[in-house]
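J.: Structure incoming, see below.
The values are calculated or read from the model by the stated rules, or taken from the named source; none is laboratory data. Because the structure is predicted, anything quoted here is derived from the model rather than measured. Note that we place each Cβ from the backbone using ideal geometry, even for glycine, and neighbour counts take in every protein chain shown. Surface accessibility is based on the protein's heavy atoms, side chains included, excluding ligands, DNA and RNA. Shrake-Rupley method; radii C 1.70, N 1.55, O 1.52, S 1.80 Å.
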Amino acid sequence: MVAREAGPYLDSLRERPVHDGAMDALLDELDGPLPAAGDGAVAAVERLVRVGTAAATHSSGPRFFHFVVGGSTPAAMAGDWTASLLDQAAGLWLTSPLAARAETVVLRWLKELFGLPTAFGGVLTPSATLAHVAGLACARSWWADGYGVDVTSRGLAGLPAMPVFSSGLVHVSTRKALQILGCGRDTLRTFARDDAGRVDLAAMDEALARVGGRAVVVANLGEVNTGDSDPVADLADLAERHGAWLHVDGAFGLFAALSPRTAHLARGVERADSVTADGHKWLNVPYESGFSFVRDAGWLSRAFGAWGAAYLPDEGDDRVNYNMLGPESSRRARALPIWATLRAYGRDGYREMVERHLDVAAHLGALVEAAPDLELLAPVQLCIACFRYRPEGVPEERLDELNARLGEALLRDGRVYAGTSTYRGMTVFRPAPLNWRTTKADVERLVDVLRELGPTITV
């Protein structure tokens, strides 16, 4: 039944509204008391598919621009179905040599795709947040080792706060990872030279000198409001000079490495101690998918292995047990959709997709600049255009409320999905076209709908 309904649903995404608020009443059909006898598999799945295809937010379609969300390529979707079909316990080689080997292969392919050294260790995770947990757990072990403490076994008790420095471009997922690791989300210090968050290298240099260099520096490649990036190579120089750990958040910006037009933004990533990215963004594989790479693979094992459980294989086994290299013990075979899409489209296919999205975002920026009632607020660098609605005659102090209400109206309308954010104290739109289906026509529709709805909003 699911296979039968999949084709018509996927074919409808080109013209289907991203969300239809009138369909929300269907959600009541998912509710109610737990059935005593049950409806049977066919009836239950029929209801789920009928409600789901109507009431879902159709983020796999070409006009979902809210947050930074990719779609699922046909090969990735089929690979994900295969992962569910086979239902592998992917944490141990013993339980699934297939899943373990596939993960090893895709980690190598991803390093080739991004230009990372082949010697880097790696692990697949459910998200960039958990990829941050993996990379920063390694940083935490490295940092505590400088105090002669095995933090994996002893914890952080008695140690000072681990210094973590970044620019104002830092994402909340980095803070959340520090929170999970017990380091504290608000211990991270930012060094910004302007209200856009760009890094103050001199101030960070002085702070690193004050702590003797034993610190973690977070470089941000691709900020979610504008696509702006830290100068990774400069931060690598800084970390190297002070002996600090360099962690790179490349959630979607790491894909800049794929195109000669943007590769300069990723220059220096190969010098990092840990690097993270998302697969369910610009790689266009289904949720949940992230990856973490670490220069010294031994830190992954120290941070997550050596549990002492008698039934588990030894961590030094040549047959890799990925549950000893990351935060999860029970893991699905999330390598399979990545393997399928990389095998299907290759390096050239992904470079072409990235460059098409660069063109689409640049086209959106040009449309905004040409519109008399829209204002581009930052240069278009990657796959994000940051702008606001600014009709003639509306005073500055009313623009935030106007844009907030316009954002709510756009989401209610549902033809195009792009909410608002805050950038430099302003309420802004920052659509991110990085779905493989998205074309220039889709961002043209976004502009048309915004300019249609704008005059109907009063403040």
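J.: Using a Debye calculation, one point per C-alpha and no hydration shell, please list log10 I(q)/I(0) for the chain at q = 0.06, 0.07, 0.12 Å⁻¹ in order.
T.: Listed by q, the Debye log ratios stand at -0.29, -0.39, -1.11.
J.: Follow-up question, since we're still on this one. How much length is gained if the chain between Thr187 and Val49 is pulled fully straight, taking 0.36 nm per residue apart and subtracting their Cα-Cα distance, in nm to one decimal?
T.: On the way: separation 138, 0.36 × 138 = 49.68 nm, distance 4.53 nm.
Roughly 45.1 nm would be gained on extension.
J.: If you don't mind, another one. How much accessible area does Thr82 have with a 1.4 Å probe, in Å² rounded to the nearest 10?
T.: About 60 Å², ignoring ligands and nucleic acids.
J.: Compute the Kirkwood hydrodynamic radius of the range 249-391, taking the inverse of the mean of 1/r over all pairs of distinct Cα atoms, and give it in Å to one decimal.
T.: On the way: mean 1/r = 0.0553 Å⁻¹.
For the range 249-391, inverting the mean 1/r across all distinct Cα pairs yields 18.1 Å.
J.: In cubic angstrom, how much convex hull volume per residue do the alpha carbon atoms of the range 193-262 span?
T.: On the way: hull volume 6.4 nm³, N = 70.
Roughly 91 Å³ of hull volume per residue.
J.: While we're on this one: Within the P(r) computed for the range 303-459, what percentage of the Cα pairs occupies the region above 19 Å?
T.: On the way: 7882 of 12246 pairs.
Summing the P(r) tail past 19 Å for the range 303-459 gives 64 percent.
J.: Taking the full set of protein chains and a 1.4 angstrom probe, give the accessible area of Leu27 in square angstrom, rounded to the nearest 10.
T.: 80
J.: Subtract the Cα-Cα distance of Arg445 and Arg319 from 0.36 nm times their separation in residues, and report this length gain in nm to one decimal. Let's see the in-between values first.
T.: Numbers: separation 126, 0.36 × 126 = 45.36 nm, distance 5.09 nm.
My answer for the length gained is 40.3 nm.
J.: Please list His19, His171, His280 in order of solvent-accessible area, largest first, computed with a 1.4 Å probe with all protein chains present. Can you show the working numbers first?
T.: Values: His19 30, His171 65, His280 10 Å².
The ranking, largest first, comes out as His171, His19, His280.
J.: Heavy atoms of the protein only, probe of 1.4 Å, neighbouring chains included. What is the accessible area of Trp299 in Å², nearest 10?
T.: In the full protein context, Trp299 sits at about 30 Å².
J.: Moving on to the next point. Before I look further, what does the chain give for accessible area per residue, probe 1.4 Å, in whole square angstrom? Kindly include the intermediate steps, with their values, before the conclusion.
T.: Numbers: 19670 Å² over 459 residues.
Value returned for the chain: 43 Å² of accessible area per residue.
J.: Based only on Cα atoms, what Rg/Rh ratio does the range 392-459 have, Rh being taken as Kirkwood's radius? All intermediate terms of the calculation are to be shown ahead of the outcome.
T.: Values: Rg = 12.5 Å, Rh = 12.8 Å.
Expressed as Rg/Rh, it is 0.98.
J.: Let me ask another. Suppose the chain between Ala22 and Asp145 were pulled fully straight at 0.36 nm per residue; how much longer would it get relative to their current alpha carbon spacing? Don't skip to the answer; put the middle values down first.
T.: Numbers: separation 123, 0.36 × 123 = 44.28 nm, distance 5.70 nm.
That pair, Ala22 and Asp145, stretches by 38.6 nm at full extension.
J.: Can I ask one more? Hey, what's the per residue convex hull volume over the C-alpha atoms of the range 89-332, in cubic angstrom?
T.: Values: hull volume 29.0 nm³, N = 244.
Cα convex hull per residue, to the nearest whole number: 119 Å³.
J.: Order Asp24, Asp230 by their accessible area, 1.4 angstrom probe, all chains in place, largest first. Intermediate results must be reported in sequence, preceding the final value.
T.: On the way: Asp24 70, Asp230 5 Å².
Ranking Asp24, Asp230 by accessible area, largest first, yields Asp24, Asp230.
J.: Using amide H atoms built in the peptide plane, which far-off residues or other-chain residues are under 5 Å from Gly290 H to H?
T.: Under 5 Å from the amide H of Gly290 lie the amide H atoms of Thr125, Ser127, Gly279, each far enough along the sequence or on another chain.
J.: Under a cut-off of 30 Å between alpha-carbon atoms, report the lysines in cross-link reach of Lys176, not counting same-chain residues fewer than 8 places apart.
T.: Those lysines meeting the cut-off are Lys111, Lys281.
J.: Please report Rg over Rh for the range 67-213, where both radii come from the alpha carbon positions and Rh follows the Kirkwood definition. Before the final figure, lay out each step's value.
T.: Numbers: Rg = 19.1 Å, Rh = 18.4 Å.
In the range 67-213, Rg relative to Rh is 1.04.
J.: For the chain, which DSSP H helices look membrane-span-like by this rule: Cα extent along the axis of 24 Å or more and mean Kyte-Doolittle of at least 0.0? Please report the intermediate quantities before stating the final value.
T.: Numbers: long enough: 97-114 (26 Å, 0.48); 128-145 (25 Å, 0.57); 335-370 (43 Å, 0.05); 396-413 (26 Å, -0.88).
What comes out of the filter, once short or polar helices are dropped, is 97-114, 128-145, 335-370.
J.: Quantify, in whole percent, the carbon and sulfur part of the accessible surface of the chain (1.4 Å probe; protein heavy atoms only). Spell out each step's value before the answer.
T.: Working: 10200 of 19670 Å².
Within the chain, the accessible surface is 52 percent carbon and sulfur.
J.: Calculated FRET efficiency, Ser330 and Asp31, Cβ-Cβ r, R0 30 Å, to nearest 0.05?
T.: Values: r = 29 Å, r/R0 = 0.95.
Taking R0 as 30 Å, the efficiency between Ser330 and Asp31 is 0.55.
J.: Distances longer than 16 Å among the Cα atoms of the range 1-55: what percent of all pairs is that?
T.: Working: 759 of 1485 pairs.
In whole percent, the share of Cα-Cα pairs in the range 1-55 beyond 16 Å is 51.
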